[in-house]
Amino acid sequence: PLTVPNRISGSCLRVGEHCVSWEEGKPILFDDSFLHSAVYAGSDDSGGSTSDSDQCGGRIVLIVDFWHPSLTAADRTALGVLYPPGS
């Protein structure tokens, strides 16, 4: 099963000035044009700390890209040339 780090573990997703913790069954959606980072306070292969809610240390990230609604068709075409799908 996928184990979600709890708030006490200190793991969070920081976007701009905000830090959001994961919650079981709730997705996190954010605009990655803002400065962002993941803070993972679980276990690692180098003997790092382990929280009770995170026994295995693994994590899965699903990334889905959306076009900004204000982009025109020409903007999308130009960006598709600069950043082809899968790049």
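The values are calculated or read from the model by the stated rules, or taken from the named source; none is laboratory data. These figures come from a predicted structure and were not determined experimentally. Ligands, DNA and RNA are excluded from the accessible area calculation, which covers all protein heavy atoms including side chains. Shrake-Rupley method; radii C 1.70, N 1.55, O 1.52, S 1.80 Å.
Among the protein heavy atoms, those of Leu29 account for about 150 Å² of accessible surface (1.4 Å probe, every chain in place). Sorting Ser21, Ser33 by solvent-accessible area of protein heavy atoms yields Ser33, Ser21, largest first, with a 1.4 Å probe. Ordering Ser11, Ser70 by accessible surface, largest first, gives Ser70, Ser11; the 1.4 Å probe counts only protein heavy atoms, with every chain in place. Note that the range 11-24 has calculated 3J(HN,Hα) couplings of 7, 6, 10, 9, 10, x, 8, 9, 10, 10, 8, 6, 10, 3 Hz, one per residue in order, obtained from phi through the Karplus relation 6.51 cos²θ - 1.76 cosθ + 1.60 (θ = phi - 60°); glycine and proline are x. Measuring only protein heavy atoms, the 1.4 Å probe finds Val20 accessible over about 70 Å².
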